[in-house]
Amino acid sequence: MLRPKAVLPHLTHLTPDFLRARGLKGVILDLDNTLLPYGAEVVPEEVLAWLQGLKQAGIPIYLLSNAKPGRFRRLQALLGLPGHAPAFKPWFGFRKALKALGLPGREVAVVGDQIFTDVLGGNLVGAYTVLVPPLAEREFFYTRFIRLLETPFRRVE
Ligand SMILES: [Mg+2]
């Protein structure tokens, strides 16, 4: 129940071809640290392009987030996608999302960065769960990595 069906290095790897090959016809998408860094109000350009690609391929997307309603509504308006928040994942929200998409769980990819909300909740409704690395932490990790590389050069001679 806590294992994702797939682990992808980035959201953009979830292409229409990837979905079609697995019989997936819709996507339930997490917001924070999946679509954009936690607390951010701007969606990265590559993510907007990826969303556009799915829309053009006729794949419906539903945003399911535990974010506060005000921030969620602003981002939802920006993206022009159906969805609701706060969803109280993993226990709530997924059935409503499937109903809105008009698809059974087995035909839907649930995509998110957290095991105990996105993966568990998606698995509970029989969806194809996809785990992606959290955006904010990835940046944090990258920063730490660079600092580590800098360490030998930070000493005063
Ligand atoms: Mg998240």
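The values are calculated or read from the model by the stated rules, or taken from the named source; none is laboratory data. Fair warning: this is a prediction, and the values are worked out from it, not measured in the lab. Reconstructed Cβ throughout: ideal geometry from the backbone, glycine too, with neighbour counts over all protein chains shown. These accessible areas exclude ligands, DNA and RNA; they are computed on the full protein's heavy atoms, side chains included. Shrake-Rupley method; radii C 1.70, N 1.55, O 1.52, S 1.80 Å.
Does W50 satisfy being among the aromatic types (F, W, Y) and more than 19 Å from P37 (Cα to Cα)? Break it down stepwise before answering.
Values: among the aromatic types (F, W, Y): yes; more than 19 Å from P37 (Cα to Cα): no.
Answer is no for this residue.
Looking at A87, is it part of a loop (DSSP other than H, G, I, E, B), in contact with a Ser or Thr (Cβ under 9 Å, 6 or more places away or on another chain) and open to solvent by less than 20 Å² (accessible area, probe 1.4 Å)? Judged against the criteria, A87 is a match.
Inside the stretch 21-36, residues that are open to solvent by 30 Å² or more (accessible area, probe 1.4 Å) and in contact (Cβ under 8 Å) with a residue 12 or more places away in the chain make up a count of 3.
Kindly evaluate R3 against the criterion of being open to solvent by 20 Å² or more (accessible area, probe 1.4 Å), charged (D, E, K, R) and either part of a helix (DSSP H, G or I) or at pLDDT 95 or above (or both). No.
Selection of first residues in the stretch 105-128 that are open to solvent by 20 Å² or more (accessible area, probe 1.4 Å) and of second residues that are modelled with pLDDT of 95 or more and assigned to a helix (DSSP H, G or I), restricted to Cβ pairs under 6 Å at least 6 apart or on distinct chains, gives the following pairs, ordered by first then second residue: V125/F94; V125/G105; G126/G105; G126/R106.
Among G93, G39, which is of a type outside the set (A, V, I, L, M), within 16 Å of the ligand (Cβ to nearest atom), open to solvent by less than 60 Å² (accessible area, probe 1.4 Å) and in contact with an Asp or Glu (Cβ under 8 Å, 6 or more places away or on another chain)?
On the way: G93 fails: in contact with an Asp or Glu (Cβ under 8 Å, 6 or more places away or on another chain).
Selected residue: G39, the only one of G93, G39 that is of a type outside the set (A, V, I, L, M), within 16 Å of the ligand (Cβ to nearest atom), open to solvent by less than 60 Å² (accessible area, probe 1.4 Å) and in contact with an Asp or Glu (Cβ under 8 Å, 6 or more places away or on another chain).
Of the residues contained in the stretch 55-65, one or more are found to be part of a helix (DSSP H, G or I) and modelled with pLDDT of 95 or more. Here is a check on your reading of the model: is P82 open to solvent by 10 Å² or more (accessible area, probe 1.4 Å) and either under 24 Å from A49 (Cα atoms) or among the polar types (S, T, N, Q) (or both)? In short, yes.
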